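Take a look at the structure below.
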Amino acid sequence: MEEKEIAKIINASQDALVARDVDAYLAMMSDDVVVCDPFTPRLVGRDAVRGYIEGLLASFSEIAFLDRKVFPLGLGAALRFTLRTRTTDGRDGTLEGVDVFELNEQRKIAKITSYFDAPGAGAPAPGAGTLEVYWGSGSPPAWRVLLLLAVKGVPYESKLLQLSKEEQKAPAYLAVSPRGKVPAIRDGAFCLHESLAIMAYLDRKYPSPPLFGDSAEEAGAIARVIAEHESYLYPALGEIARAVFSGNPAAIAEKEPAVRAAASALHDELAQLEASLAQRDYLAGPRLTAADLTVYPSIQLAVRAATRPAAAPLDLAVAPLAARYPRLAAWSARIEALPGYDATYPPHWRAA
């Protein structure tokens, strides 16, 4: 590939970016494109990059090049640039840096690695540090939000609270989440708690890929799965988890009838989910939606609870999941293969 052609491809991608033509920008990339910068989790694939770019553009009312120069090298190039920026709240600044592009044999951009000034040196890094996510390790509602952010490729500042130290009760956090529960977000001056509300907010703000449905029918199917989970599966799981994770063997003995009833209700719901997956790959249709991201953490918590020594007298029969619910196990594997999934996995589960 000639140097002039490489420079033309890189320049065209940047023209599309400042013109806010996201489709044209992504069309120049390979399906499995990788994007790395100092302040954003590694992005893999066009959908992840789309979510990031749309979030970036939403953060700035103006992005324009003051200077840029392409230096072709092999099957790629380095782009030195200076950008003039204006944020949506009216702050002006500049951003200087270097992007290193790698192209494949099909003349598509396969990888972009960015190096630029840290936030505070001129304008803030695009999209960096604008969204704060407060969460607790192992909390299914918090995990839902982290999974959604991973699917959309939205950058955020992680605020991991130590629930065992009751950091969620600190006055500073109560100003964000008055009920003292996780998760919660702070997006500029806007604060929001309750996981499903956060997911709906983020889906509206970063609409690609749409996770709450494109049609009335799809939106209804997603809402039904979520409502059934919140009304039936999650309360049953809570009864089990509170007993199993209490650390007090007497807690299970004292509440064994209620816990066994909850286990029966849990299996009723798991059986319905298993049956639904005979018709489709995901819980609300042929593609991943908020329904899957809502239910998945609960399934994993059920499996984890079943492996605890305190659960042995209950014979929960949930782990391994594939033994009784093979379709749910295969569905779980599809979610675990999502780009960015590893970064969402509860840290204290890794060490267990």
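The values are calculated or read from the model by the stated rules, or taken from the named source; none is laboratory data. Everything quoted here is computed from the prediction, not taken from an experiment. Positions of Cβ are generated from backbone atoms using ideal geometry, with glycine treated the same way; all protein chains shown enter the neighbour counts.
Among the numbered criteria (1) surrounded by 13 or more Cβ atoms within 10 Å (Cβ to Cβ); (2) at pLDDT below 95; (3) closer than 22 Å to A333 by Cα, which single criterion is violated by A241?
If we test A241 against (1) surrounded by 13 or more Cβ atoms within 10 Å (Cβ to Cβ); (2) at pLDDT below 95; (3) closer than 22 Å to A333 by Cα, just (3) comes out false.
Among (1) loosely packed, with under 15 Cβ neighbours inside 10 Å; (2) in contact with a Pro (Cβ under 8 Å, 6 or more places away or on another chain); (3) not in a strand (DSSP E or B), where does G55 come up short?
Failing condition for G55: (1).
Restricting to region 72-90, name every residue that is touching a residue at least 60 places away in the same chain (Cβ under 8 Å) and either small (G, A, S) or not in a loop (DSSP other than H, G, I, E, B) (or both).
P72, G76, A77, L79, F81
Can we say K69 is surrounded by fewer than 20 Cβ atoms within 10 Å (Cβ to Cβ), at pLDDT 90 or above, farther than 26 Å from A337 by Cβ and of a type outside the set (S, T, N, Q)?
Judged against the criteria, K69 is a match.
Please count how many residues of region 100-117 are without any contact (Cβ under 8 Å) to a residue 60 or more places away in the chain and surrounded by 14 or more Cβ atoms within 10 Å (Cβ to Cβ).
3
Tally the residues that are out of contact with any Gly (no Cβ under 6 Å at 6 or more places or on another chain) and outside any helix (DSSP H, G or I), restricting the search to region 326-343.
3
For region 6-28, indicate whether the set of residues that are in contact (Cβ under 8 Å) with a residue 60 or more places away in the chain and not in a helix (DSSP H, G or I) is non-empty.
Yes, region 6-28 has at least one match.
Has region 39-52 got at least one residue that is at pLDDT 80 or above, of a type outside the set (K, R), touching an Asp or Glu at 6+ places or on another chain (Cβ under 7 Å) and not in a helix (DSSP H, G or I)?
yes
Name the residue that is surrounded by the fewest Cβ atoms within 10 Å (Cβ to Cβ), counting only residues in region 153-193 that are at positive phi and free of Cβ contacts under 8 Å to residues at least 40 places away in the same chain.
E166
For region 308-329, name all the residues that are under 23 Å from V259 (Cα atoms) and surrounded by 15 or more Cβ atoms within 10 Å (Cβ to Cβ).
Residues satisfying the conditions are R308, A310, A311, L314, L316, V318, A319, L321, R324, Y325, L328.
Which one is nearest to R80 (Cα to Cα) among residues in region 115-145 that are at pLDDT 90 or above and β-branched (V, I, T)?
It comes out as V133.
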